[in-house]
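See below for the structure under consideration.
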């Protein structure tokens, strides 16, 4: 889908929303993030680039069906506004192609929320809840503080799963359950029963957020991952952390069956807020995944943000990744993020 077609689709959706009943609601939304990033990889790249981290635009909405039931939907499209569309014959087509993000249809009622389509998993969603730099060039999942279970798209336990049914229970005193199930579109007799499924439980009430999650692609042998994490706010301070245990899903998710595991990932961090300003620091490690090459590393990030409004934020920060096998990566970022 090119940008002109996307614009037409969004315009059509908005026009349609004006003709539906008064109890229907359709909203245009978007996320824009642009940064200047200096990256220095020992023995390799030393360069400054402009990047657009998960920039997107979409429509979402609901219709009141009566008796406490709503039809709900979301169509979200990702793009890179720092480069030309690939149809123009320039730029990096892998980055500036328009791709799908969460796109689903569902129902919301007293039973909770059930959605069908391409949807972020509970495993991924909880990781985003403890990352104040989420969807910026310094987000935790891009720098080894959170695992590959928070990224990618597919049916084998990626952060955003296709052919996906997700149920979110009602919140009861801050407690909530999330169930994810993805149907294997290429299922054959030899792989019968390898649909991906996950269960997440969380408590979110006042200053306390705590969660635990388990996910498996059911490929056999090493095919799952689990994690625990959360945050606690104390006035201007907030501390957060997460530990992920790998049983093959994080280190080698596509292999059937998989005999590689051990890529555990953990991180701890905190923020201090002064008015519209926030200071951020986090440190984490990734363990060796038992392959021939040592894949372990240490990672840490320091950053500061300033909220110019409820929707616009500027940030500056530094990340370092030090690989156990030798070599380092340093990244300095200066960016602005806007949501609408």
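The numbers here are math on the coordinates, done by the rules we state, and not lab data. Because the structure is a prediction, the values reported are computed rather than measured. Methodologically, a virtual Cβ is constructed for each residue, glycine included, from the backbone with ideal geometry; neighbour enumeration extends over all protein chains shown.
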### Query
With no solvent and one point on each alpha carbon, what is the Debye value of log10 I(q)/I(0) for the range 226-340 at q = 0.13, 0.16, 0.19 Å⁻¹?
-0.67, -0.89, -1.06
### Task
For the chain, report the convex hull volume of the alpha-carbon atoms normalised per residue, in Å³, without decimals.
158
#### Entry: Column: log10 I(q)/I(0), Debye, Cα scatterers of the range 154-254, q = 0.11, 0.20, 0.22 Å⁻¹
-0.40, -1.01, -1.12
### Task
Can you give me the P(r) profile for the range 96-188? Cα pairs, bins 5 angstrom wide beginning at 0, each as a whole percent.
3, 13, 20, 21, 19, 15, 6, 2, 0
#### Entry: Gaussian network model of the chain, springs between alpha carbon atoms under 10 Å - residue of 325, 198, 304 with greatest fluctuation
325
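In deg cm²/dmol and to the nearest 500, what is the mean residue ellipticity at 222 nm of the chain if only DSSP H runs of at least 4 residues count, each as -39500 (n - 2.57), divided by the residue total?
Estimated from H runs of four or more residues: -2500 deg cm²/dmol.
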### Query
Hey, what D do you get for the range 28-150 in µm²/s if you plug the Kirkwood alpha-carbon radius into Stokes-Einstein at 10 °C and 1.306 mPa s?
94
### Query
What nm distance separates the two modelled labels at residue 114 and residue 236, each placed 7 Å from Cα along Cα→Cβ?
4.8
### Task
Please give, to one decimal in nm, the separation of the simple spin-label points placed at residue 221 and residue 325, each 7 Å out from Cα toward the Cβ.
2.0
### Task
Using a Gaussian network model of the chain whose springs link C-alpha atoms within less than 10 Å, name the residue from 82, 301, 291 with the highest mean-square fluctuation.
291
### Message
Using a 7 Å offset from the Cα along the Cα-to-Cβ direction at both residue 172 and residue 151, what is the distance between the two label points in nm, to one decimal?
### Response
3.8
### Message
With 10 angstrom as the radius, rank 84, 115 by how many other C-beta atoms surround their C-beta, starting from the fewest.
### Response
84, 115
